[in-house]
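Worksheet for the structure shown next.
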Amino acid sequence: MNRFTLLTPSFAVLWAITATAIEPITIGGQRQLFVDDFLVDRMDNVQLQIERPQPREVVLVTDKPWEGNTSAYYTLFQDGDKYRMYYRGSHWNEKTKQATHREVVCYAESVDGVNWIKPQLGLYEFEGSKENNIVWDGVGSHNFTPFKDTNPKCEPQARYKALARGRSLNKNDTSSKHGLFAFRSPDGIHWKLMHNEPVITEGAFDSQNLAFYDQVAGVYRDYHRWFNQGKRDIMQAQSTDFLTWTKPVALKYTESSREHLYTNAIRQYKRAPHIFLGFPTRYLPNEGQRVEPVFMSSRDGLHFQRRPEALIPEDAPADRSGNRSNYMAWGLLQLPNQNRELSVYATEAYYTGPDSRLRRFVYRLDGFMSAASDSRGGNLITKPLVFTGSHLELNYQTGPTGSVHIELQELDGTPIAGLTSSNCQPLSGDSISRQVKWDGETDLQALSGKPIRLVFKINDGNLYSFRFR
């Protein structure tokens with residue numbers, strides 16, 4: 001039965017008139033994730049719900065003399081056939097309430113994202129020896145945050161870049177200017193300052209301040225700490241050369257509640273680069289200074305929808321309840337032969353032991369949030385969409401007796417002949433990429449470029465993403 005027959009005639013007519021007046025959203029062949037309600041017009045017994053990553057093994061223990069229990073601000077990314085990790089090496093004596101050694105930047109690498117080695121780099125001396133994995137020792141060691149630059153115009157000597165907090169190195173500068181310094185490297189190991197003065201000075205920078213190249217917009221984006229009416233918050237600036245930045249602007253949130261946000265861990269999602277994902281750490285100073293990662297998403301990198309639930313709770317699985325002991329690292333990796341999952345990483349045992357640890361967690365591919373319904377079944381109706389392609393693919397999972405059916409509609413809610421939910425071949429089980437088929441009809445090319453609506457009928461299932469191809 002077409003669900004619109006349940007409406008009273010007057011309301012149905014009014015809804016159809018309103019529906020046809022909505023400006024269609026062009027999605028082309030982009031993968032669409034249910035990380036927000038941007039494409040959603042109506043939902044009946046369907047909710048957009050957060051999905052928590054599942055804990056796996058500890059991948060790194062900061063047990064070297066130049067590391068310690070306050071090692072932090074982990075950055076991980078894939079670089080060809082290996083993975084790189086950068087983090088601060090530091091240690092705090094809980095009895096004396098003092099740091100036991102200077103802060104340094106440490107480096108590790110891996111071929112599988114699980115087993116990491118700390119190479120003997122021989123670059124910087126610590127306690128009389130250069131046999132260590134210290135990759136930088138100088139201004140910015142507190143929160144050095146690198147990335148690999150994907151800008152096609154990037155010069156080879158600056159293929160890797162970083163931002164880090166520090167004060168002016170100009171001895172004649174009596175103002176002691178404070179801000180973010182820019183760094184470059186040809187190989188990710190040997191680093192140099194790009195400028196002797198901070199390149200971003202508006203904000204507060206005691207956090208994991210990061211930057212990356214936005215290939216969609218063709219600019220560098222920075223996300224860094226500031227204080228918004230006494231609350232820790234996030235600002236963004238943009239640049240075309242990594243040295244001259246726009247005036248920072250504050251992120252905007254759909255939620256009215258204001259919370260302390262410590263690190264931000266914002267990135268573009270590689271499988272859908274028009275979507276920004278953030279894993280900021282919520283700081284709760286009145287609850288023993290504990291922290292917990294949460295999830296947020298954006299379509300423009302400035303306006304974010306933030307979820308209230310703790311993404312990695314304190315009991316997942318151990319040693320996360322201490323002072324600032326539960327940070328999310330800046331890293332989202334697809335590991336070798338793991339084409340159905342993504343790995344993220346989070347800290348534990350901060351302050352509490354002789355060292356701290358980094359643990360891996362696993363997401364389903366595209367599985368940060370889902371459109372979910374129980375065994376009663378429900379419908380999700382999209383806003384008018386314009387796609388390109390000839391078929392539709394879904395990433396979904398259902399219970400043993402669950403199913404997903406798809407219907408394509410005209411803008412007024414009229415089902416398109418041959419593409420109704422009643423003649424859609426039911427999708428059940430678990431698939432990362434399953435093509436939707438209708439009896440006697442599989443090619444959608446005739447509708448490509450024309451505004452339509454999608455109706456997802458979900459029974460005891462979760463829908464993570466869809467894409468026209």
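Throughout, read-outs are computed from the coordinates displayed, never taken from laboratory work. Fair warning: this is a prediction, and the values are worked out from it, not measured in the lab. Cβ atoms come from the backbone with ideal geometry, glycine included; neighbour counts cover every protein chain shown.
Once amide H atoms are built 1.01 Å from N in the peptide plane, which residues 5 or more positions from Lys177, or in another chain, come under 5 Å H to H?
The answer is Ser168.
What ³J(HN,Hα) values, in whole Hz, does the Karplus curve 6.51 cos²θ - 1.76 cosθ + 1.60 give for the range 333-347 when θ = phi - 60°, with x put for Gly and Pro?
Along the range 333-347, the couplings run 10, 9, 8, x, 6, 10, 7, 10, 9, 10, 10, 10, 9, 9, 8 Hz.
Starting from the 7 Å offset along Cα-to-Cβ, what nm value, one decimal, do you get for the label separation of Gln338 and Phe38?
Calculated label separation equals 2.6 nm.
Relative to the longest principal axis of the C-alpha atoms of the chain, give the angle of the C-alpha long axis of helix 9-21, reported between 0 and 90° and rounded to the nearest 10°.
For 9-21 against the chain, the angle is about 50 degrees.
Which of the peptides 304-312, 186-194, 326-334 is most tightly packed, and how do the rest follow, judged by the mean count of other Cβ atoms within 10 Å per residue?
Listed from highest to lowest mean packing, they are 326-334, 304-312, 186-194.
Quickly work out the Val362-to-Thr246 label distance, labels modelled 7 Å from Cα along the C-beta direction, and quote it in nm with one decimal.
Those two pseudo-labels are separated by 4.0 nm.
Sorting check: for 145-155, 245-255, which peptide has the highest mean count of neighbouring beta carbons within 10 Å, and how do the rest follow?
Packing proxy ranking, top to bottom: 145-155, 245-255.
I'd like the distance separating the alpha-carbon centroids of the range 241-283 and the range 98-162, in whole Å.
Rounded to whole Å, the Cα centres lie 24 Å apart.
Expressed in nm to one decimal, what extension gain is obtained for the pair Thr352 and Lys231 from 0.36 nm per residue of sequence separation less their Cα-Cα distance?
41.0 nm
Taking amide H positions as placed in the peptide plane 1.01 Å from N, state which residues far from Val59 in sequence (5 or more) or on other chains have amide H under 5 Å from it.
Here Leu358, Arg359, Arg360 satisfy the definition.
Run down the aspartates and glutamates and flag those whose C-alpha is under 18 Å from the C-alpha of Lys177, throwing out any fewer than 8 positions away in its chain.
Glu197, Glu202, Asp206
With the dipole of the chain worked out from charges on the C-beta (+1 for Lys and Arg, -1 for Asp and Glu) around the Cα centre, which of Gln334, Leu444, Ser356 lies farthest toward the positive end?
Selected residue: Ser356.
Taking amide H positions as placed in the peptide plane 1.01 Å from N, state which residues far from Asn133 in sequence (5 or more) or on other chains have amide H under 5 Å from it.
Leu121
Taking a ≥ b ≥ c as the square roots of the eigenvalues of the Cα gyration tensor of the range 54-364, is the shape rounded (a/c under 1.5), prolate (a/b larger than b/c) or oblate? List each step's numbers first, then the result.
On the way: a/c = 1.14, a/b = 1.01, b/c = 1.13.
Rounded, since a/c falls under 1.5.
Within 10 Å, count the other beta carbons around each residue, average over each peptide in 137-144, 223-230, and list them highest first.
Most protected by this proxy first, the peptides run 137-144, 223-230.
Given 0.36 nm per residue, what is the gain on full extension from His190 to Ile117 after removing their alpha carbon distance, in nm?
That works out to 24.5 nm of additional length.
Too long at a 18 Å Cα-Cα cut-off: which of Lys82/Lys153; Lys161/Lys192; Lys252/Lys383; Lys148/Lys192?
Lys82/Lys153; Lys252/Lys383
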